[in-house]
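Data first, discussion second: the structure below is written as structure tokens.
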Amino acid sequence: MTESNKSHTATKHVHNRVKELRKKNHYTQKQLADHIGVTRLTVISIEKGKYEPSIGIVLRLAAVLG
């Protein structure tokens, strides 16, 4: 597997996991966005795999979602 493929797989895992954990924690996209300091559109983009979050956003997601 190339580095590019590994990166794509990791990104796909992140966006699937964010949506799963958001729903498990009963957060709306807006609520999660407010908790991590981004817009609702950013959360939507992360969940759809159209935006690769920075390490700072990933750390905030981890803190909020567990």
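Points to keep in mind about this one:
- Listed by first and then second residue, the pairs with beta-carbon distance under 8 Å, at least 6 apart or on different chains, first residue in region 37-66 and within 18 Å of residue 24 (Cβ to Cβ), second surrounded by 15 or more Cβ atoms within 10 Å (Cβ to Cβ) and modelled with pLDDT under 95, are 46/14; 46/15; 46/53; 47/15; 58/14; 61/53.
- Any helices (runs of 4 or more DSSP H) falling wholly within region 8-66 and containing at least 2 residues that are small (Gly, Ala, Ser): 55-65
- The lone exception for residue 14 - which of (1) closer than 14 Å to residue 61 by Cβ; (2) modelled with pLDDT under 95; (3) touching a His at 6+ places or on another chain (Cβ under 9 Å) it fails: (3)
The values are calculated or read from the model by the stated rules, or taken from the named source; none is laboratory data. Everything numeric in this text was worked out from a predicted model, so none of it was measured. Backbone-built Cβ (ideal geometry, glycine too); neighbour counts: all protein chains shown.
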